[in-house]
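Enquirer: After the structure tokens below, expect a handful of questions from me.
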There are 2 protein chains.
Amino acid sequence: MHRSPIKFCKDCGAAVVYRLPDDGDTKLRAVCPACHAVHYENPINVVGTVPHWGDKVLLCKRNIEPRFGKWTLPAGFMELGESTAEGAARETVEEAGAQFEMQELFSVMSVIHVGQVHLYYRAELLSDVFDPGFETIEARLFTEAEIPWDEIAFRTVSQTLKHYFADRKTGQFGLHHESLV
Amino acid sequence: MHRSPIKFCKDCGAAVVYRLPDDGDTKLRAVCPACHAVHYENPINVVGTVPHWGDKVLLCKRNIEPRFGKWTLPAGFMELGESTAEGAARETVEEAGAQFEMQELFSVMSVIHVGQVHLYYRAELLSDVFDPGFETIEARLFTEAEIPWDEIAFRTVSQTLKHYFADRKTGQFGLHHESLV
């Protein structure tokens, strides 16, 4: 999902112009000269889990772009009609076919250059048998020593994994809050 | 910011149709029959603060719709190019003209029926003098007993305030994670 500029009004189909709206807003927005609609563009959320089984964590090898063939935690775009936790659980089912119990919110990471916020929950696996969907080539458990750090798809995944294994050593899981530029 | 259905393609201006895309997606999306663009609709984030001064909290009386004249914590839509914390700080400057230091993430609340996620940070006020912007009629400090509970603009604000005052009594501030349907 890339962010190309808005060219046409989604309400009436007229060509929009980027300008300051008339309501005191200080940011350039796509404004429709025909129907006067103002179209806002905002960051979107990616929601996922850190599914764990003993000293191992579940990663999925991506069968889709971007980062085809790289390893990720199960995660995807939050949808309308669901909470952040429901979206994280849905993605874990869709991408890994895992059985699990949702736990606490574990990381909240703003990824500024792509206009995203990534939220990961810990999830306790109830089985080590997986049934990945079409987005996943392979779903596999990794110990910390086995994590393919150079083959991780996204920075928020490697950051979240590092925090997970560090917290696991202390037995205290915190909330990890960061920004990536 | 309401969610009307997408009628026209923002890339080429053609009328869209809602259908299943061809990539295995299981949700109806606005698909452009002319240029084949798929337009996703996702929840957006509202970011704000709980600005506190001794045993008081700062609320802003809204000078804009929705909920004109009701009281709110300073908060607004997260923008592209900023982190959740930066957006929360920006809104606190814009709506209250407050001087403060940002603290920890305090509440994360999915508001499912409007497709929003609200994130509030605690913020320590450095002054009890405010300079509210045009969106705010009045910025004022309230003790717990003074909070106008029946005049609070949004449910996530009253929930966050309740958690704040409860945690303040224990001296331990947690992360409060909820869904509102």
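Enquirer: Compute, for the range B:74-144, the length of the dipole vector about the Cα centre, with Cβ point charges of +1 (Lys, Arg) and -1 (Asp, Glu) only. Units Debye, rounded to 20.
Expert: 200 debye
Enquirer: Let me see the pair-distance distribution of the protein assembly as shown: every alpha carbon pair, 10 Å bin width, integer percents in order.
Expert: Pairs per bin, as whole percents: 5, 22, 30, 25, 15, 4, 0.
Enquirer: In chain B, which longest range has no trypsin sites (Lys or Arg not before Pro) that are both DSSP loop (not H, G, I, E or B) and surrounded by at most 12 other Cβ atoms within 10 Å?
Expert: B:28-181
Enquirer: Quick one: helix A:84-96 against the long Cα principal axis of chain A, what's the angle to the nearest 10°, folded into 0 to 90?
Expert: Result, in degrees: 60.
Enquirer: Can you give me the relative contact order of chain A as a percent, contacts being Cα pairs under 8 Å and 6 or more apart?
Expert: Relative contact order of chain A: 21 percent.
Enquirer: What is the angle, in °, between the Cα long axis of helix A:155-170 and the longest principal axis of the Cα atoms in chain A? Nearest 10 is fine, range 0 to 90.
Expert: Approximately 40 degrees, to the nearest 10.
Enquirer: Looking at the protein assembly as shown, send over the antiparallel percent of its DSSP beta bridges, to the nearest 5.
Expert: Around 65 percent of the beta bridges assigned by DSSP in the protein assembly as shown are antiparallel ones.
Enquirer: Here's another thing I want to ask about it. Given label points at 7 Å from Cα along Cα→Cβ, what nm distances, shortest first, separate residue B:148 from the same residue in every other copy?
Expert: 5.9
Enquirer: Calculate, for residue B:12 and residue B:55, the FRET efficiency according to 1/(1 + (r/R0)^6) with r their C-beta to C-beta distance and R0 45 Å; round to the nearest 0.05.
Expert: Efficiency, rounded to the nearest 0.05: 0.20.
Enquirer: Let me know the shape class of chain B, please: from the alpha-carbon gyration tensor, a ≥ b ≥ c as square roots of the eigenvalues, rounded when a/c is under 1.5, otherwise prolate if a/b is greater than b/c, or oblate.
Expert: In terms of gyration-tensor shape, prolate.
Enquirer: Okay, next question. I want the antiparallel fraction of DSSP beta bridges within chain B, as a percent rounded to 5.
Expert: Of those bridges, close to 65 percent are antiparallel.
Enquirer: Quick one: how many Å² of residue B:165 are accessible to a 1.4 Å probe, rounded to 10?
Expert: 10 Å²
Enquirer: Can I get the semi-axes of the range B:1-85's equivalent ellipsoid? Compute them from the C-alpha gyration tensor as square roots of 5 times the eigenvalues, in angstrom, largest first.
Expert: Values for the range B:1-85, descending: 39, 15, 11 Å.
Enquirer: Continuing with the same structure: What FRET efficiency comes out for the pair residue B:144/residue A:94, r = Cβ-Cβ distance, R0 = 51 Å, nearest 0.05?
Expert: Result of the calculation: an efficiency of 0.70.
The values are calculated or read from the model by the stated rules, or taken from the named source; none is laboratory data. Owing to the predicted nature of the structure, the values given are computational and were not obtained by experimental measurement. Using ideal geometry, Cβ is built from the backbone for each residue, glycine included, and neighbour counts are taken over all protein chains shown. Side chains included, ligands, DNA and RNA excluded: accessible areas come from the protein's heavy atoms. Shrake-Rupley method; radii C 1.70, N 1.55, O 1.52, S 1.80 Å.
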